[in-house]
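Peer 1: Can you read through this structure? Questions will come right after.
Coordinate-derived values only; no laboratory data. Worth saying up front: this structure is predicted, and the values here are computed from it rather than measured. Here the Cβ is made from the backbone with ideal geometry for all residues, glycine too, and neighbour counts use every protein chain on show.
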């Protein structure tokens with residue numbers, strides 16, 4: 001339930017509850033637009049990635065220079081935020097450390113799906129580190145009573 005004085009800040013908009021009508025429950029807010037440093041940093045990072053891709057694909061000096069300029073600007077912004085806006089920088093740093101591959105990160109290694117579980121690299125599979133074990137194929141091939149087993153990916 002909202003109370004007078006409640007403040008919420010999200011996406012560059014800060015709202016403060018100023019009044020709640022006891023009869024109707026209508027809520028009034030003050031709205032203040034603030035700077036969204038996270039959005040600024042995300043968008044310049046996206047621009048940097050695009051500029052890098054274009055520079056690599058075209059291999060033209062113009063786009064290489066453009067990429068270097070954008071990289072310099074992003075680094076300057078990051079340095080400014082780190083030195084002058086510590087709270088915002090920590091928030092941005094925390095957001096940029098989140099993996100974009102999510103749970104698929106375990107499968108980004110070249111040996112993640114290698115059928116030879118003793119092959120080099122499979123021992124470092126994330127799920128094995130959590131205590132999961134590979135399926136025992138001999139036990140899998142035996143059907144338990146009352147359970148219908150369907151092998152979906154047979155050749």
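Peer 1: Residue 65 versus residue 80, label points 7 Å from Cα toward the beta carbon: distance in nm?
Peer 2: Inter-label distance under the simple model: 2.3 nm.
Peer 1: Extending each Cα 7 Å along its Cβ direction at residue 27 and residue 57, get the distance between those two points in nm, one decimal.
Peer 2: 4.5
Peer 1: A follow-up question, please. Treat the count of other C-beta atoms within 10 Å as a stand-in for reagent exposure and order 81, 73 from fewest to most.
Peer 2: The order, fewest Cβ neighbours first, is 73, 81.
Peer 1: For segment 1-40, what Kirkwood radius comes out of the mean inverse Cα-Cα distance, in Å?
Peer 2: For segment 1-40, the Kirkwood estimate is 11.0 Å.
Peer 1: Which FRET efficiency value, to the nearest 0.05, do you get for residue 46 and residue 7 by plugging their Cβ-Cβ distance into 1/(1 + (r/R0)^6) with R0 = 30 Å?
Peer 2: Once rounded, the FRET efficiency stands at 0.50.
Peer 1: Which value in nm describes the separation of the simple spin-label points at residue 91 and residue 16, placed 7 Å from the Cα toward the beta carbon?
Peer 2: In this crude spin-label approximation the distance works out to 1.7 nm.
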